[in-house]
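To start, the structure under review is shown below, and the notes come after it.
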Amino acid sequence: MSVTTTTNAATVLAIDGLRKIYNEGTDQANMAIDSVSLSVMSGEFVCIVGPSGAGKTTLLRCISGLAALSAGTVAFEGKQLNSVPEQLGLVFQDYSRSLYPWFTIAKNVALPLAARGVPKAERAARVSEVLASVGLGHVENKYPWELSGGMQQRVAIARALSYRPDLLLMDEPFASVDAQTRFGLEDLILKVRRDLGITVVVVTHDIDEAIYLSDRIVVLSGNPSVVKEIVEVPLGADRSQVATRSSKEFLELRSGLLSLVMPHED
Amino acid sequence: MSRLTTSVLTTVDRRHRASAPLQRVARVATVLWLPVLLLVMWWIATSASTSPFFPPLSTILAETWNQWVVFGAWTNAVSSLRNLLIGYLVGISIGVVVGSLLWRLRYLRTAANPLIYFLYVLPAPALLPALIAIFGIGEMRQVALIALGSIWPTLLNTLDGMRGIDTVKFDTAKALRLKSWRTYFNLVLPGASPQIAAGMRASLTVGIILMVVSEMVAARSGIGYFILQSQAEFAITKMWTGIVVLALIGTLLNFLFVLVERLVLRWYFRSRALGGS
């Protein structure tokens, strides 16, 4: 495990010695993350994988500025976090919990724009534009609960992209949809990343998904989390669900990662 | 009152409604058969009644028309409704505002909690003598009593509804960088609105009760005054007409409330009908 956290101009996210202890200072203190250090470069696609209960969501909450750290530092574009940075887009696992059912799709997507002072006249155009970029047309006046799960998660992604963030951070973004929809959404994220040149960090428990999507995979150990290994994924920029997933490199990476995540099987 | 109207406006899918008008008739019949049956039984049972306490229903209905329309007793209903409306609106406004403040200010909430439940379990009519002492015997005292009573169901439901909002929705608000007032109007208030509406409906019932109670003590107008006065004059049929009018008004107000609720919370009822969140 050799991780350097040098901060240069191209580093979007620099995490150094991150530790998170819940109920710190009480007798119920519970260390979720022991020590995590890694850095994400501009334009990179990084997946964070680990067994369930490895504190993946906790890690995401810490590096997005939603939760305070117990020790260590997280810097986004060179600045220490104290809240969610303006140029960070966040997508949660469960769209039905993160979208606001009392607002139409247009209003949901326009919320962060309004909060950022985008003039009202400009918002509608930006909303249709970003909805089109995630493959959704003419759903502006629908409500979230009128759409399928996959479409709702697209709305959540559109909402995070609407203000053109530099980093898109996603927590198990495709875990709540069925397998077929999932492939579609994975390709959508790859396309969005290509089109916008955005940096993406995805937390997932799905090793296949991590290999298919990322340039680099950060493997976390179980409870409390440390970075076990960082694996490069040299599969190139163009990927396809059928060809990539059945390629020799993919399968080799897969068996290597499986043995890392499940060390007791051989 | 509310028991009769709760099921009147069950969610009806538009497509079904258009395709099967017969079903709609059947649905209305399902709701109405019992009240209609009871009215018919009342009519038959009292048709030959000579008891001064239970005049025939036909006599009561005819007298209702005479008293309330021809002889001008409707002014009593107007003054009752005016007091109710003002008191109710003041009460639920205080309920929502104070409920929101208590949700926002945790220390105030902890400190105010015993006090709120103390006031909540205190029967509001018990305050009537105190209110008479403070406001005299004008209508101000009636309005104040209605307001005081209707605060609590709305306040407690507002607080409860706001505390029950999903934490992921608050994380979302932080991630989208919504400032606190924007979070309040875009998340907290709409998120708690179904429960706030439930509280307002309970407040309405309390308000109607207090409207009548307040008019029965040291008042010179209102439906409650009319009922009590008629009984004191031993005009029992006239007394019954007051009760009929009161029941009609209560039913109508509840019906109106449900109608407005369905319109304002359309997203809530429609998403629930679709089985969504």
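What follows draws every value from the coordinates through simple rules; no lab data is involved. Everything numeric here is computed off the predicted structure, so don't read it as measured data. Please note: Cβ atoms are built from the backbone with ideal geometry, for glycine as well, and neighbour counts cover all protein chains shown.
Below, the figures for the structure above:
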item	result
On Cα atoms only, tilt of A:179-196 relative to the major axis of chain A in degrees	80
Estimated dipole of the protein assembly as shown in Debye, rounded to 20 [Cβ of Lys and Arg +1, of Asp and Glu -1, Cα centre]	1760
Ellipsoid equivalent to chain A - semi-axes via the Cα gyration tensor, in Å	29, 23, 18
Exposure proxy ranking, count of Cβ atoms within 10 Å, fewest first, for B:GLU261, A:GLU249	A:GLU249, B:GLU261
Using θ = phi - 60° and Karplus 6.51 cos²θ - 1.76 cosθ + 1.60, couplings along the range B:78-92 (whole Hz; Gly, Pro as x)	5, 5, 4, 5, 5, 4, 4, 4, 5, x, 5, 4, 4, x, 6
Distance in nm between pseudo-label sites at A:ARG126 and B:ARG109 (7 Å out along the Cβ direction from Cα)	3.2
Helical contribution to [θ] at 222 nm, DSSP H n ≥ 4, -39,500 (n - 2.57), averaged over chain A, rounded to 500	-10500 deg cm²/dmol
Cα long-axis angle, helix A:105-115 against chain A (0 to 90 degrees, to the nearest 10)	70
Relative contact order (%) - the range A:98-164, alpha-carbon pairs under 8 angstrom, separation at least six	48
Coarse-grained scattering of the range A:98-164 at q = 0.12 Å⁻¹, given as base-10 log I(q)/I(0) from a Debye sum over alpha-carbon atoms	-0.24
Pairwise Cα inverse-distance average, inverted: Kirkwood Rh of the range A:1-97 (Å)	14.3
Between the range A:27-82 and the range B:194-224, the Cα center-to-center distance that results, in Å	55
CD proxy at 222 nm, helix term only [per DSSP H run n ≥ 4: -39500 (n - 2.57); per residue of chain B; nearest 500]	-25000 deg cm²/dmol
Shielding by partners, peptide A:85-92 (average Cβ within 10 angstrom, other chains)	2
Isotropically averaged projected area of the range B:164-255, using the convex hull of Cα atoms (one quarter of hull area), nm²	8.3
Neighbouring partner chain Cβ atoms per residue of B:172-184, average, 10 Å criterion	6
Per principal axis, descending, Cα span of the range A:139-188 in whole Å	28, 27, 16
Two-decimal Rg/Rh across the range A:30-184, once Rg and the Kirkwood Rh are taken from alpha-carbon atoms	0.98
Peptides B:65-71, A:162-168, A:108-114 ordered by average Cβ neighbours within 10 Å, highest first	A:108-114, A:162-168, B:65-71
Burial ranking of peptide ranges B:137-146, B:231-240, A:220-229 (average Cβ count within 10 Å, highest at the top)	B:137-146, A:220-229, B:231-240
Cα centroid separation, the range A:191-243 to the range A:142-165 (Å)	22
Estimated vicinal HN-Hα couplings, Hz - the range B:161-168 in sequence order (Karplus 6.51, -1.76, 1.60; Gly, Pro = x)	x, 5, 6, x, 5, 3, 5, 4
Average other protein chain Cβ within 10 Å of Cβ, residues A:94-100	5
DSSP-defined antiparallel bridges as percent of all bridges, chain A, nearest 5	50
Reachable lysines, given that their alpha-carbon falls under 19 Å from the alpha-carbon of A:LYS191 and they are not under 8 places away in the same chain	none
Two-decimal log10 I(q)/I(0) for the range B:60-273, as the Debye equation yields it once each C-alpha is a single scatterer, q = 0.09, 0.12, 0.17 Å⁻¹	-0.45, -0.72, -1.14
The protein assembly as shown: equivalent-ellipsoid semi-axes (sqrt of 5 x gyration tensor eigenvalues, Cα, Å)	62, 27, 19
For the protein assembly as shown, share of DSSP beta bridges that run antiparallel, in % to the nearest 5	50
Under the Karplus curve 6.51 cos²θ - 1.76 cosθ + 1.60, θ = phi - 60°, whole-Hz ³J(HN,Hα) for the range A:43-54, x wherever Gly or Pro sits	x, 7, 10, 10, 10, 10, 10, x, x, 5, x, 8
Volume per residue of the C-alpha convex hull in the range A:93-225, rounded to whole Å³	122
Charge tally in the Cβ shell below 14 Å around A:LEU196, where Lys, Arg are +1 and Asp, Glu are -1, A:LEU196 excluded	+1
Rounded if a/c under 1.5, otherwise prolate or oblate - the range B:99-202, Cα gyration tensor axes	prolate
Ordering of A:10-17, A:55-62 by burial proxy (mean other Cβ atoms within 10 Å per residue, highest first)	A:55-62, A:10-17
16 Å Cα-Cα reach of B:LYS238 towards aspartates and glutamates, excluding residues that sit fewer than 8 places from it in its own chain	B:GLU63
